[in-house]
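Note sheet for the following structure.
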Amino acid sequence: MIGELFGVDGELLERQYRDHLSDYKQWDQRIHAARWVLFEKNIGAYVGMDEVALSRGELYTILINKEAHGKKGSIIAIIEGTDAETVSKVLLKLSRRRRFQVREITLDMAPNMAKIAKVCFPAAKQVIDRFHVQKLAYDAVQEMRIKERWKAIDQETIEMTHAKACGKSYQATLFENGDTRKQLLARSRYLLFKKETAWTNSQCQRARILFREYPHIRKAYYLAMNLGLIYHQCKFKDIALTRLARWYDQVDKSGFLSFATVARTIEAHYLKIINYFERRATNAASESFNAKIKAFRAQFRGVREREFFIYRLTNIYA
């Protein structure tokens, strides 16, 4: 970008920096950088683990030191792929002493991530990120909304076809806020992710109509919100467990299949989920760091050479 500003060939400038101005050619991890890089000195007590796409959808597993707060010393490892065996093989190159320093590791519910954490950081307590848990419930609500929207689209198509066959012009029925049924369901997407107190006036009106027309979506919405309240209101693990058991009962009584799946998933991981209430640790640091990587990638208009991209990235953050 600087090259374009001053009328200089940007690609030439990049090559000059890579081949002559930087120490890229002497970088001790250059040979294997496209597959993995490790920075053992950056290991801390609190680690975040996530996956990130560096280029063309190619996934890498990335570990960060959360205590570095996204600055220098953040990157512990960047490893090609997400396969537990492959990633673990690389991480086991780190010294045993350093790996046993990790006291807590935050991650999502993917089984490969849990296996990597167990094999490579056996002394660390695993904490499943609360936002991934809540997203399951939100997705269940959206699934119900989308199902009703397809029904509304189908019904509207039938009515239009019937009107045309009768030589009449079709006019969709409007609710009091001006939405058709199809529009009501489409435009309700974002309000179902938010708490009632965060709704705008128009969203309040739309929600009132939506819940009147679809009482089961209303019930599902409050089920999702009640799960979020457990995270907001509980300060101790035993209280959170009790509240979670009550939430399971609500799910059973609702009869919603999508929420039953959510409940079973949470039940299968509840020990790691409940660990959140010890330090209220989340994987937000990893998500934030992934956003930094995407911004860095966009700034340089993609990744032409993975080894050099990772070199520049680690120069800043490792």
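The values are calculated or read from the model by the stated rules, or taken from the named source; none is laboratory data. In this text the structure is predicted, and so the values were computed from the model without any measurement. Note that we place each Cβ from the backbone using ideal geometry, even for glycine, and neighbour counts take in every protein chain shown.
Here residue 89 does not fit the description of being modelled with pLDDT under 95 and out of contact with any Pro (no Cβ under 8 Å at 6 or more places or on another chain).
Scanning the range 123-132 for residues being out of contact with any strand residue (DSSP E or B) (no Cβ under 7 Å at 6 or more places or on another chain) and either modelled with pLDDT of 95 or more or hydroxyl-bearing (Ser, Thr, Tyr) (or both) gives a total of 1. Meeting the requirement of 1 or more residues that are surrounded by fewer than 19 Cβ atoms within 10 Å (Cβ to Cβ) and in contact with a Lys or Arg (Cβ under 8 Å, 6 or more places away or on another chain), the helices (runs of 4 or more DSSP H) wholly within the range 96-196 are 130-165, 181-187.
Across the range 75-89, the number of residues qualifying as under 20 Å from residue 126 (Cβ atoms) and touching a strand residue (DSSP E or B) at 6+ places or on another chain (Cβ under 6 Å) comes to 5. What are the pairs with Cβ atoms under 6 angstrom where one residue, in the range 162-174, is in contact (Cβ under 8 Å) with a residue 12 or more places away in the chain and the other, located anywhere, is of a type in the set (Val, Ile, Thr)? Sequence gap at least six, or different chains. Hits for this filter: 172/180.
Does the range 3-20 include one or more residues that are among the small types (Gly, Ala, Ser), modelled with pLDDT of 60 or more and not in a helix (DSSP H, G or I)?
No: zero hits.
Per the listing 288, 258, the residue uniquely out of contact with any helix residue (DSSP H, G or I) (no Cβ under 8 Å at 6 or more places or on another chain) and hydroxyl-bearing (Ser, Thr, Tyr) is 288.
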